[in-house]
Amino acid sequence: MKGYNKLVRDKIPEILERKGVSYEKRIASPKEYKEELVKKLVEEVSEFVEANDPEELADVLEVIEALRKLPEYSNIEDLRLQKRKERGGFDDKIILKGEK
């Protein structure tokens with residue numbers, strides 16, 4: 001099995017134990033947790049872009065939900081709604097073409 005050192009879902013250690021896979025586990029500091037969530041977001045977005053699979057999009061949303069729980073992102077929904085009010089969403093499917 002290849003090596004790894006990354007943030008994983010809460011039940012992964014339990015799953016590995018059932019499979020008899022050895023591992024080391026530690027709890028991230030708040031700073032490391034945020035950094036690892038950002039890395040995980042990039043990883044999951046990349047997997048979604050490659051696979052275009054609903055399960056991968058669900059993984060992206062799970063990471064976003066974890067980020068939303070961090071104090072510095074606690075008002076993210078308010079910001080999203082404010083931007084939607086000012087600039088709209090993507091409901092109208094508008095593609096814009098022009099010079100850069």
**Report entry** Listed residues 40, 69, 31, most fluctuating in the chain (Gaussian network, C-alpha, under 10 Å)
**Finding:** 31
Query raised in the report: Using a ≥ b ≥ c from the Cα gyration tensor of the range 58-100 (square roots of the eigenvalues), is it rounded, prolate or oblate, where a/c under 1.5 gives rounded and otherwise the larger of a/b and b/c decides, a/b for prolate?
Result: prolate
Query raised in the report: Top mean-square fluctuation among 61, 41, 79, Gaussian network model of the chain, C-alpha springs under 10 Å?
Result: 79
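Given Cα pairs under 8 Å that are at least 6 residues apart, what percent is the relative contact order of the chain? Kindly include the intermediate steps, with their values, before the conclusion.
Details: 33 pairs, mean separation 17.6, N = 100.
Averaging sequence separation for qualifying contacts and normalising by length gives 18 percent for the chain.
About the Cα centre of the range 27-81, how large is the charge dipole given +1 on each Lys and Arg Cβ and -1 on each Asp and Glu Cβ? Please answer in debye to the nearest 20.
On the way: 7 positive and 16 negative charges, 83 e Å.
It works out to roughly 400 debye.
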Report summary line: Rounded to a whole number, the Stokes-Einstein D of the range 27-81 in µm²/s (Kirkwood radius over Cα pairs; 37 °C; 0.692 mPa s) is 276
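Can you give the net charge of the other residues whose Cβ lies under 14 Å from the Cβ of residue 5, counting K and R as +1 and D and E as -1?
Working: positive: 2, 6, 25, 26, 39, 40; negative: 24, 32, 35, 36, 43.
With Lys, Arg at +1 and Asp, Glu at -1, the net is +1.
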Report summary line: With a ≥ b ≥ c from the Cα gyration tensor eigenvalues, square-rooted, and the rule rounded for a/c under 1.5, otherwise prolate when a/b > b/c and oblate otherwise, the chain is prolate
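Read-outs throughout are calculated quantities, based only on the coordinates presented, and are distinct from any laboratory measurement. Since the model is a prediction, treat every value here as computed from it, not as a measurement. Neighbour counts are summed over all protein chains in view; Cβ atoms, including those assigned to glycine, are modelled from backbone coordinates with ideal geometry.
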